[in-house]
């Protein structure tokens, strides 16, 4: 397994989103631009509350309303720039789809940890199976659900004197 890497893109996420909005007869407003800049500032998984919190602490004092956050999340998802990867604590968790290589996830059912990985064998196998069915594959999504190494480790406890007998 290897780390997930970014890929070179022809235009910035903001420009890509502006193109999408134009096709829908919509404008890239100041709030939408701030939101997209914040979402694509780093490659971390996020939920709406995380972005709301980050935007509210911007040094330039520019903010985005909660309703705009939810609307723009939907638009970014429709545009294929982000996607839902999990649901944690009754919140949808998103990641970037634009500007990052195809990758898959392991999701811990205890702590919610998301582990990203890229594996050429899996990619090749999925492509071969798709070809067998005459399916033109654009991308795939694999999620492995289970328990992470931290959560499955035996509990650390002190030895009691009676245990040594």
Checklist entry - So residue 142 clears everything in (1) touching a helix residue (DSSP H, G or I) at 6+ places or on another chain (Cβ under 6 Å); (2) surrounded by 14 or more Cβ atoms within 10 Å (Cβ to Cβ) except one condition, right? Which one? => result (1)
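Using the structure shown, decide if residue 23 is within 28 Å of residue 115 (Cα to Cα) and without any contact (Cβ under 8 Å) to a residue 60 or more places away in the chain.
So residue 23 does not fit the description; no.
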Checklist entry - In the stretch 52-102, which residues are closer than 21 Å to residue 140 by Cα and part of a loop (DSSP other than H, G, I, E, B)? => result 79, 80, 81, 97, 98, 99, 101, 102
Checklist entry - In the stretch 103-125, what residues are in contact with a helix residue (DSSP H, G or I) (Cβ under 7 Å, 6 or more places away or on another chain) and crowded, with 16+ Cβ neighbours inside 10 Å? => result 104, 108
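Taking the stretch 34-49, which residues are part of a helix (DSSP H, G or I) and surrounded by fewer than 17 Cβ atoms within 10 Å (Cβ to Cβ)?
Restricting attention to the stretch 34-49, the residues satisfying the condition of being part of a helix (DSSP H, G or I) are 34-39, 48-49.
Listed by number, the residues that qualify are 37, 48, 49.
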Item to check | Near pairs, Cβ below 8 angstrom, 6+ apart or cross-chain, from the stretch 105-128 (within 12 Å of residue 87 (Cα to Cα) and in the same structural domain as residue 139 (by TED's automatic domain parsing)) to any residue that is in a loop (DSSP other than H, G, I, E, B) and modelled with pLDDT under 90 | outcome: 107/113; 112/89; 114/45
Next on the checklist: Out of everything in the stretch 124-152 that is assigned to a loop (DSSP other than H, G, I, E, B) and more than 15 Å from residue 105 (Cβ to Cβ), what residue ends up being modelled with the lowest pLDDT?
Outcome noted: 138
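The values are calculated or read from the model by the stated rules, or taken from the named source; none is laboratory data. Please read these numbers as outputs of a predicted model, since none were measured by experiment. Positions of Cβ are generated from backbone atoms using ideal geometry, with glycine treated the same way; all protein chains shown enter the neighbour counts.
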